[in-house]
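Trainee: For reference, the structure I am asking about is given below.
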Amino acid sequence: MVVPAPYPAAFFDRPVLAVAPDLLGATVRHGPVAVRITEVEAYGGLDDPASHAFRGPTPRAAVMFGPPGWAYVYLSYGIHWCLNIVCGPVGEGTAVLLRAGEVIAGREAVQACWPKLAARDLARGPGRLGRVLGIAASLTATPVTGGGPLVVHPSPPAGELGDGRGPAAAVPGAAGERIERGPRVGITAATERPWRFWLVGEPSLSAARPRHRRR
DNA sequence: ATTATGATCGTCT
DNA sequence: GACGATCATAATG
C-alpha cells in the first residue's frame with residue numbers, strides 16, 4: 001500500500017480561496033482512519049465577520065494567525081470538534097473548514113461504532129467528520145504537513161488505501177471532478193460570500209444534497 | 001417528507 | 001450571560 005507524501009506547507013501558504021477548492025479530493029488521515037474530502041468552506045481573517053479570526057488573535061483564534069498547514073480545532077455548540085487547516089502567511093488568519101468527506105480507510109471500525117449510519121453519512125457534516133477522525137482539542141496547532149498525528153495528502157487511486165473503497169466509490173478522482181461553490185452554511189454574518197466548495201455529485205455532501213426527484 | 005427541540009460548554013461581551 | 005462554522009431525536013403533515 002502506497003501512502004502519498006503530505007502536501008507541503010507551501011501548498012497551504014496561498015490565498016484561502018485558492019487552497020479551499022484544491023483540498024477537494026484530498027485525503028485527511030488520523031491514525032487508521034482516512035477521509036477523502038468532498039466539501040470545504042473558506043474563512044477569512046480580520047475582513048471576514050463570519051470567521052473566528054474576525055476579532056483578531058484571541059486565545060482561541062490565535063492558531064489561525066500562525067503558520068500555514070497547521071490544524072485549527074474548535075468546539076462547536078459545546079459538542080462537536082471541527083477541523084480547519086490554516087492558510088496563507090503567518091499573521092493573515094485564514095483557514096479552510098473541512099465540512100464533509102468519504103471514509104476511505106478504517107471504514108469497518110468506524111462503521112462498527114455507528115452502525116445506524118449509511119457509509120455515505122459517516123463523515124457528512126463537520127461534526128461527524130471530526131468525530132470519525134477522532135479529532136480532539138490536543139490536535140490544534142499541530143502540522144498536517146507531516147511529522148504530526150494528522151496528515152493531509154493527495155488521494156491515491158481507488159483501492160490502494162486500505163479497506164472500504166468499493167468499485168462504486170472508485171470515482172474519477174479529484175483531477176477530473178467538477179467543483180461547485182455557494183454560500184456557507186450555519187453562519188449569520190457575510191452569508192452572501194460564496195465561499196463553500198464541493199465536488200459535484202458526491203453522496204457525502206452535508207447540505208444541498210440532491211434528493212432524487214419524485215415522478 | 002419537513003420542522004422543532006434539547007444537548008452542552010468554551011469563548012467573548 | 002448570551003451565543004454559536006452542529007447533530008440526533010421526536011413530532012407532525
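Trainee: When you scan region A:1-109 for strands (runs of 3 or more DSSP E) that lie fully inside it, which ones turn up with 1 or more residues that are away from DNA strand B (no atom under 16 Å from the Cβ) and either open to solvent by 10 Å² or more (accessible area, probe 1.4 Å) or acidic (Asp, Glu) (or both)?
Mentor: Here the list reads A:27-30, A:33-43, A:94-105.
Trainee: Here are some conditions: (1) within 16 Å of DNA strand B (Cβ to nearest atom); (2) of a type in the set (Gly, Ala, Ser); (3) open to solvent by less than 70 Å² (accessible area, probe 1.4 Å). A:SER138 meets all but one. Which one does it not meet?
Mentor: Among (1) within 16 Å of DNA strand B (Cβ to nearest atom); (2) of a type in the set (Gly, Ala, Ser); (3) open to solvent by less than 70 Å² (accessible area, probe 1.4 Å), the lone unmet condition for A:SER138 is (3).
Trainee: Quick check on A:ALA118: is it under 21 Å from A:SER204 (Cβ atoms) and either surrounded by 22 or more Cβ atoms within 10 Å (Cβ to Cβ) or of a type in the set (S, T, N, Q) (or both)?
Mentor: For A:ALA118, the condition - under 21 Å from A:SER204 (Cβ atoms) and either surrounded by 22 or more Cβ atoms within 10 Å (Cβ to Cβ) or of a type in the set (S, T, N, Q) (or both) - is not met.
Trainee: Looking at A:PRO143 and the list (1) under 16 Å from A:VAL86 (Cβ atoms); (2) within 14 Å of DNA strand B (Cβ to nearest atom), which single condition is not satisfied?
Mentor: (2)
Trainee: Would you say A:ALA100 is in contact with an Asp or Glu (Cβ under 7 Å, 6 or more places away or on another chain) and within 11 Å of DNA strand C (Cβ to nearest atom)?
Mentor: Here the answer is yes, as A:ALA100 does meet what is asked.
Trainee: For A:ALA42, are the conditions met, namely being farther than 18 Å from A:LEU133 by Cα and under 16 Å from the mean Cα position of the chain (by Cα)?
Mentor: So A:ALA42 fits the description; yes.
The values are calculated or read from the model by the stated rules, or taken from the named source; none is laboratory data. Keep in mind that what you see is a predicted model, and the values were worked out from it rather than measured. Methodologically, a virtual Cβ is constructed for each residue, glycine included, from the backbone with ideal geometry; neighbour enumeration extends over all protein chains shown. Accessible surface is based on the protein model in full, side chains and every heavy atom, while ligands, DNA and RNA are left aside. Shrake-Rupley method; radii C 1.70, N 1.55, O 1.52, S 1.80 Å.
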